[in-house]
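K.L.:
Dropping a structure here in structure tokens format, bear with me for questions.
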């Protein structure tokens, strides 16, 4: 156990602060009935998926305030701009209030309020029908968020292997695959960056800071405060680029050229960590041969970064090895060769010897919370739909979508969509809609009436994270973290937690053997017991850290293991070659914007998580719509004024329904435009967010699939600005 | 050198030490290191939740400022709490002494006295004051209880039940979380800051982190030429 | 009827007038003012029932809107009436005396109506008592309430004197001086705000007095012109001092407006860009159309109807100018973040507009009613 006395004091004083009891009553407040003493429930945030620990304060059975939990590894007592606005989700009057059946059409729904019993019977019958007709694998789950674990469990019990999340093929999949191919492990989530101890940090297109990933931002700033140097490669001066020693405004789609040039310089000048490489890696010779043509001059011509700067940074990196961390960000589905770009980052990391080293990528602590003991075995399932992508680590959402349209490799007839707004997260909306139209069953489980809800046959209202217990959260960092969510109040309306919904559904599906617990506390207690953790302590503190199995850095007695075929770091990947792919990343040029078009680049506001928070009233109050960033010179050329509203037309002639405000800036290259994504919601029931700003999803009609793992590269769309009313 | 990650603990100790002094000997001040601020706006929403501020009112917004031209460009983030001026222009204009400077230097608003003339809002050079026009996020008629729940500003329960219950109709602003500091906890914006970019403490205590932080570096005060003598110091 | 030595209209006259009004013989302006008062009452009820913030479009960015500007406008008008009254008695006693009570009277009720518009602009009307319980002598706004009370009291005493058939030059002087203090003090409410470039400076209190004189002159010209005259010669004889004061008013207003504009254009400090932003408007509307044009017209058209039209035009444009002065101070926000625009715009809500209409209508109604019941009869006797 790693909770010090000081941590205890911290949590105690935090509780005391929030409990600040009224000293005396004011005249105007005389009529308020005396409040019961507040209660405090630990929880972890669900505004994004960093899941920072928090403490919810409740008065008279309502959560009235949330604050960070000092015992949380991912938050360390702090919450970000979104996390602090959790009540904006909890009390959103637009929340889904009761189960609803669509008696209209998908996409043009007419809702009928039904009871939970009716809703669950409807779903169970449909699922059993599909199982009979097509087999259980014809049902797929899309999930994002903590409650998804119960749905995955239900789906496995039902017999389908097709549990997918857009967070893989539409987000960080390529990053993980590139590292997996090289080190036999992904960077993790939260990533195992040892920023606080880094001496040199390189961020490739990462808007770290604007994603407000709590502990990571803290670590990064701590690292910079300790004197680390920072390089940011990004066509836009991101918030974090403003802190950089070198901001390299790279021409979009050419990052790989710079990375390969760096590799060449480091290999040629023998700047790599020789001892480390000879001990842990294979393929340095082949690597040298493969990158021989990637000179800094060549990269400079392509990327528009001066060759001298490329050389300077390569040498600076080497000077600070191994205490340096190169991060390729999280959202990495850009151009379809993204796992290869990630490979280049991984190779560079290996050359610097920073995997398993202080200030680089630390080795995560071990730890496990076993499953609920004594559950029956899952039924055998056939192949998953994503079989075509040899290096996919998880199921590929777009493969499931393809299967629904083409019935290949086999039919997909039912979708359960848990907390993921597929309309906005999947590229080329038309394909998503075509797939949705062909299905026999679409179930949406959500807190809010997001865009996808309008396409469902039946909608189940989930309660928010502040109103429910959830599965135990675990994380392997420099400590092994176990977290728990304790409700601060009863669910509003008729909303229910996923553990309850799945359990009730299992009864109607004849799968109750897989849900033997009476209630969630019994389930959680059993899991805690199996892990040797005190349930009561976890329930009281919300987060526990175990560092007895932590050993973050390579040492004589702490040797790393690499889960690759060679059991070494693979600078040159034979398995890629065997599958017909480049064993070392090769540069390929990507399509350039046609005349009068700009490349559409997008990212995140620190105050919003995709489209999930767009309707949050506190966050909406600050950022109600997105803006189109455009370079000052281009704006002058087009005669655009700050604050004017325009529409966009993409390369396929798709014109946006809604309009977007112009933001004229010097923070962006001239060949691209930038916007926050997640806006442009098309859901009349999201009263605040509906039709505010433009959704990137509307313009992303083209995507390039990464043949290694199925990721959908979506940075290859180009837009033209249309000034019209 | 103090490690960034230890700042909160040390400043909490500073705070407790300062609380032992007589109130008129404390000089509460804030220092914001804009080198560290990454523009995440966590302080803004933390403050909104701490003080239950209604729509369109933020006690601590963060302003973004671009400096330079592409590619020699940077962006600065400027969080703006109340400056707690030594010479507050808002105090002298208040016709009913509803806003005044406490002996520890914090300018407060007595919601019971404030007539809502908004003269202080006109007079504040920083835009740090807002008028509570009685709006609720959750709608005019269907108020969720948390919005009418007592906020703990100034250590008293202020329930925004209707337009005759203060602070509705009054001026509102940042008060350095008096209700927290008097209980020995740092202001919410300080504790939630992901970068630990905000220092808080007793400027008159040379051993305090804040005194040390502003002593050795370049600093500026916002609109200093106006002679308001802000107690919020920006570190560059 | 005589009450406390005052010569007041008889009850029968009042009854007759009320009956006439109910029979539809009150005249268009009176009925319009009644509608206006009803709108004002409606607005007042909305303000009380729903709360100030809920029904007005003022905000943290535009803390003062059209209600404040109406207050400023009306009190300046009232000051102007006091000035005209003073100069009338001092320099044109013969031509002026017959209008004295009228101008005194309307000056008082305009001041009252203005105060009403102001009170309803407070976020918490219910806490106004703190002006007495917790005075802040450093605040120009607090002094405004003090001087305002003295000013209105003096004017009321003056009115009582008139109705008693007496007149005191000492009181006239006293009211004049208090009026100057009161309304330059009102100017200082704005003039001391260093951060609001559009307000700041020692010119503003003086500017307010000049504009006050102008609007007072315009109103007095209307009152004098709306009278019955046997011939144009007689009209010209009586109206000449008013016309002169109107011309002087337009002239000094042009002077003050011009130099305020110029100083603003030269200033480089933060916030002064408002003078650049507003330049076209200030020049063509404020200076040329609303001041220079009427001034020129007074030299060409001198008929009874012309004087009324010109004066109404001046009153209307000055109302607009006053609103733009108050709101102009907020156009460039002192702090920008999130959704705060570079230039803040403000359009009053209908409740705010109704308050304005109600206040103007109340003053109009009281004046016409007083006229109808014969409140000013004694003066006409002087003329007859």
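K.L.:
Over chain C, what relative contact order in percent results from Cα pairs under 8 Å that are six or more residues apart? Numbers along the way, then the final one.
P.N.:
Working: 506 pairs, mean separation 119.9, N = 384.
Once normalised by length, the contact order is 31 percent.
K.L.:
Grab the DSSP H runs of chain A that are 4 residues or longer, score each as -39,500 (n - 2.57), total them, divide by all residues and round the 222 nm result to the nearest 500 deg cm²/dmol. All intermediate terms of the calculation are to be shown ahead of the outcome.
P.N.:
Values: 22 runs with 211 residues, N = 725.
Dividing the helical sum by the residues of chain A leaves -8500 deg cm²/dmol.
K.L.:
Select from C:245, C:188, C:349 the residue whose mean-square fluctuation is largest in a Gaussian network model of chain C (Cα-Cα springs shorter than 10 Å).
P.N.:
Between C:245, C:188, C:349, it is C:349 that shows the largest mean-square fluctuation.
K.L.:
From the alpha carbon gyration tensor of the stretch C:26-378, can you work out the equivalent ellipsoid semi-axes (sqrt of 5 times each eigenvalue) and give them in Å, largest to smallest?
P.N.:
Working: eigenvalues 210, 117, 80 Å².
Semi-axes (√(5λ), whole Å): 32, 24, 20.
K.L.:
So how many Å³ per residue does the convex hull of the Cα atoms of the stretch A:172-364 work out to?
P.N.:
Numbers: hull volume 19.6 nm³, N = 193.
For the stretch A:172-364, the hull spanned by Cα atoms encloses 102 Å³ per residue.
K.L.:
On a 0 to 90 degree scale, rounded to 10, what angle separates helix A:5-18 from the longest Cα axis of chain A?
P.N.:
Its long axis makes an angle of about 60 degrees.
K.L.:
For the protein assembly as shown, what size does the Cα cloud have along each of its three principal axes, sorted from largest down, in whole Å?
P.N.:
So the extents along the principal axes, rounded to whole Å, are 120, 68, 68.
K.L.:
Further question on the same structure: What is the order of A:640, A:524, fewest Cβ neighbours within 10 Å to most? Mind dumping the intermediate values first?
P.N.:
Working: A:640 19, A:524 24.
Starting with the residue having the fewest Cβ neighbours, the order is A:640, A:524.
K.L.:
Could the peptides A:63-75, B:196-208 be put in order, highest first, of the mean number of other beta-carbon atoms found within 10 Å of their residues? Numbers along the way, then the final one.
P.N.:
On the way: A:63-75: 25.7, B:196-208: 21.5.
Result, highest mean first: A:63-75, B:196-208.
K.L.:
Next up: Taking 1 over the mean of 1/r across every pair of different Cα atoms in the stretch A:117-269, what Kirkwood radius in Å do you get?
P.N.:
19.1 Å
K.L.:
How would the stretch A:675-725 be classified by its alpha-carbon gyration tensor: rounded, prolate or oblate, with rounded meaning a/c under 1.5 and the a/b versus b/c comparison settling the rest?
P.N.:
Here the stretch A:675-725 falls in the oblate category.
K.L.:
Continuing with the same structure: How big is the Cα convex hull of the stretch A:598-722 in projection, averaged over all directions, in nm²? Don't skip to the end; give the middle numbers.
P.N.:
Working: hull surface 32.8 nm².
The Cα convex hull of the stretch A:598-722, projected and averaged over all directions, gives 8.2 nm².
K.L.:
Take every residue in peptide A:212-225, count the Cβ atoms of other chains within 10 Å of its Cβ, and give the average of those counts.
P.N.:
Numbers: counts 6, 2, 4, 1, 1, 5, 6, 3, 3, 12, 8, 1, 5, 12.
Average per residue, whole number: 5.
K.L.:
Tell me, what does the Kirkwood hydrodynamic radius of the stretch C:8-152 come to in angstroms if you use every pair of distinct C-alpha atoms?
P.N.:
Working: mean 1/r = 0.0550 Å⁻¹.
So the Kirkwood estimate lands at 18.2 Å.
K.L.:
Give me a single rounded figure for B:176-189: the average over its residues of other chain Cβ atoms within 10 Å of their Cβ.
P.N.:
Details: counts 0, 2, 0, 4, 4, 1, 2, 7, 3, 7, 2, 0, 7, 1.
Other-chain Cβ atoms within 10 Å of each residue's Cβ, averaged: 3.
K.L.:
Another question about this same structure. I need C:230, C:15, A:321 ordered by Cβ neighbour count within 10 Å, fewest first. Mind showing how you got there, number by number?
P.N.:
Numbers: C:230 7, C:15 11, A:321 22.
Lowest to highest Cβ neighbour count: C:230, C:15, A:321.
K.L.:
Mind checking the angle between helix A:173-183 and chain A's longest principal axis? C-alpha axes, 0 to 90 degrees, to the nearest 10.
P.N.:
Helix A:173-183 and the main axis of chain A meet at about 60 degrees.
K.L.:
I would also like to ask the following. How would you rank A:493, A:546, going from fewest to most other Cβ atoms within 10 Å of each one's own Cβ?
P.N.:
Values: A:493 12, A:546 19.
With the fewest neighbours first, A:493, A:546 line up as A:493, A:546.
K.L.:
Follow-up. Using only Cα atoms, find the angle between the long axis of helix A:520-531 and the longest principal axis of chain A, and express it within 0 to 90 degrees, rounded to the nearest 10.
P.N.:
50 degrees
K.L.:
Here is a further query. Shielding of B:104-115 by partners, i.e. mean partner chain Cβ atoms within 10 Å per residue? Walk me through the numbers before you get to the answer.
P.N.:
Details: counts 0, 0, 0, 0, 0, 0, 3, 6, 6, 6, 5, 13.
Per-residue shielding by partner chains comes out at 3.
K.L.:
For chain C, modelled as a Gaussian network with Cα springs under 10 Å, which listed residue fluctuates most, C:28, C:72, C:189?
P.N.:
C:28
K.L.:
Let me ask another. Return the percentage of antiparallel bridges among DSSP beta bridges fully within chain A, rounded to the nearest 5 %. The partial results should precede the final answer.
P.N.:
Details: 41 of 84 bridges.
The antiparallel fraction comes to roughly 50 percent.
K.L.:
Moving to a separate point now. Please label the shape of the stretch C:1-88 as rounded, prolate or oblate, based on the square roots a ≥ b ≥ c of the eigenvalues of the alpha-carbon gyration tensor (a/c under 1.5 means rounded; beyond that, a/b larger than b/c means prolate, else oblate).
P.N.:
Details: a/c = 2.60, a/b = 1.49, b/c = 1.75.
Oblate is the answer for the stretch C:1-88, as a/c is 1.5 or above yet b/c matches or exceeds a/b.
K.L.:
Pick out which of C:219, C:203, C:295 has the largest mean-square fluctuation in a Gaussian network model of chain C, springs linking Cα atoms closer than 10 Å.
P.N.:
Evaluated over chain C, the most mobile residue of the options is C:203.
K.L.:
Something else: Can you classify chain A as rounded, prolate or oblate using the Cα gyration tensor, where a ≥ b ≥ c are the square roots of its eigenvalues, rounded means a/c under 1.5, and otherwise it's prolate if a/b beats b/c and oblate if not? Intermediate values should be presented prior to the final figure.
P.N.:
On the way: a/c = 1.35, a/b = 1.25, b/c = 1.08.
Verdict is rounded for chain A.
K.L.:
Still on this structure, I have one more. Stokes-Einstein at 4 °C, 1.567 mPa s, Kirkwood radius from Cα pairs: D for the stretch B:72-166 in µm² s⁻¹?
P.N.:
Working: Rh = 15.4 Å.
Using the Kirkwood radius from Cα pairs, D works out to 84 µm²/s.
K.L.:
Further question on the same structure: Pull up the DSSP beta bridges for the stretch A:598-722 and report the antiparallel fraction as a percent, rounded to 5. Numbers along the way, then the final one.
P.N.:
Numbers: 12 of 22 bridges.
Antiparallel bridges make up about 55 percent of those DSSP assigns within the stretch A:598-722.
K.L.:
Can you give the relative contact order of the stretch A:172-364 as a percent, counting alpha carbon pairs under 8 Å and 6+ residues apart? Walk me through the intermediate numbers first.
P.N.:
Values: 354 pairs, mean separation 65.9, N = 193.
The value is 34 percent.
K.L.:
With both partners inside the protein assembly as shown, how many of the DSSP beta bridges are antiparallel, as a percent to the nearest 5? Please report the intermediate quantities before stating the final value.
P.N.:
On the way: 64 of 111 bridges.
Bridges in the protein assembly as shown that DSSP calls antiparallel: roughly 60 percent.
Read-outs throughout are calculated quantities, based only on the coordinates presented, and are distinct from any laboratory measurement. None of these values were measured; they are calculated from a predicted model. Virtual Cβ from ideal backbone geometry, glycine too; neighbours counted across all protein chains shown.
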